[in-house]
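Working notes, structure below.
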Amino acid sequence: VTEFERIALINHNIEFSLTHNDSEVVSLQASSFRKRILDLFGKKLNSQLVDVEVNNSLINIKGFVGAPESARKRGAQQFFFVNGRYFRSPYLHKAVMKAYEEMIPEGYTPSYFIFLEIDPKSIDVNIHPTKAEIKFEDDSLVFHILSAMIRETLGRNSFGASIDFDTENVPELPELGRNFSE
């Protein structure tokens, strides 16, 4: 089922079905990436997903992250894809978690569905026997781009730190009326 989810997510433009003991468990129509996520993990996620995207000369990143209030102690859906294939990355997971600092309680994790497109020459897929992990030519730069992009997106969507407009103990400013010269 886990492998089915990974393949179905990355190939959202293809129909899929999963059968177990001659019974169809999942049937997916070709759709958008967001719709595929909802078809696999439930429509409830729709209001919890925030679009993320950055394009630069080094890397293109797009996908969705969960709103901070949807973070869970366990069971969060977390997917990284690079150039069309799934990979695990404890290091990039830390980048995501850094973006959520002070937004979610300790021990909670957000859901994320993140696609990275990068020059294949700048990654090494031969660092893990099952090729489930990769090494970027410049890991720290990818880390910082990913973390900054998510944090900026969460802030733009009013999930980040906010300005306190508390007016207690603030000096009162005079109002200027029509008779400005007075």
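The values are calculated or read from the model by the stated rules, or taken from the named source; none is laboratory data. Predicted, not measured: the structure shown is a model, and the values here were computed from it. So basically every Cβ, Gly included, is an ideal-geometry build from the backbone, and we count neighbours across all protein chains shown. Calculation scope for accessible area: heavy atoms of the full protein, side chains included, ligands and nucleic acids excluded. Shrake-Rupley method; radii C 1.70, N 1.55, O 1.52, S 1.80 Å.
So the values come out like this:
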{"quantity": "Residue-by-residue Karplus 3J(HN,Hα) for the range 30-40, coefficients 6.51, -1.76, 1.60, Hz, glycine and proline x", "calculated": "4, 7, 6, 4, 4, 5, 5, 4, 5, 5, 7"}
{"quantity": "For the range 54-133: accessible area per residue (Å², 1.4 Å)", "calculated": "53 Å²"}
{"quantity": "Percentage, to the nearest whole number, of Cα pairs in the range 108-151 over 14 Å apart", "calculated": "60 percent"}
{"quantity": "Charged-residue dipole, Cβ positions (Lys, Arg, Asp, Glu), the chain about Cα centre, Debye nearest 20", "calculated": "780 debye"}
{"quantity": "Quotient of Cα Rg and 2.2 N^0.38 Å for the chain, N being how many residues it contains", "calculated": "1.35"}
{"quantity": "At most 11 other Cβ within 10 Å, DSSP loop - trypsin sites (Lys or Arg not before Pro), the range 42-113", "calculated": "LYS73, ARG74"}
{"quantity": "Distance between modelled label sites at GLU3 and LYS131, nm, 7 Å Cα→Cβ extension", "calculated": "1.4 nm"}
{"quantity": "The range 121-132 - phi-based ³J(HN,Hα) in whole Hz, Karplus 6.51/-1.76/1.60, Gly and Pro as x", "calculated": "5, 9, 10, 10, 8, 9, 9, 9, x, 9, 6, 7"}
{"quantity": "GluC sites (Glu not before Pro) within the range 1-110, DSSP loop, no more than 13 other Cβ atoms inside 10 Å", "calculated": "GLU15, GLU101, GLU102, GLU106"}
{"quantity": "FRET efficiency for LEU58 and VAL25, using Cβ-Cβ distance with R0 set to 45 Å, rounded to 0.05", "calculated": "0.65"}
{"quantity": "Carbon + sulfur, % of accessible area of the range 26-91 - ligands and nucleic acids excluded, 1.4 Å", "calculated": "48 percent"}
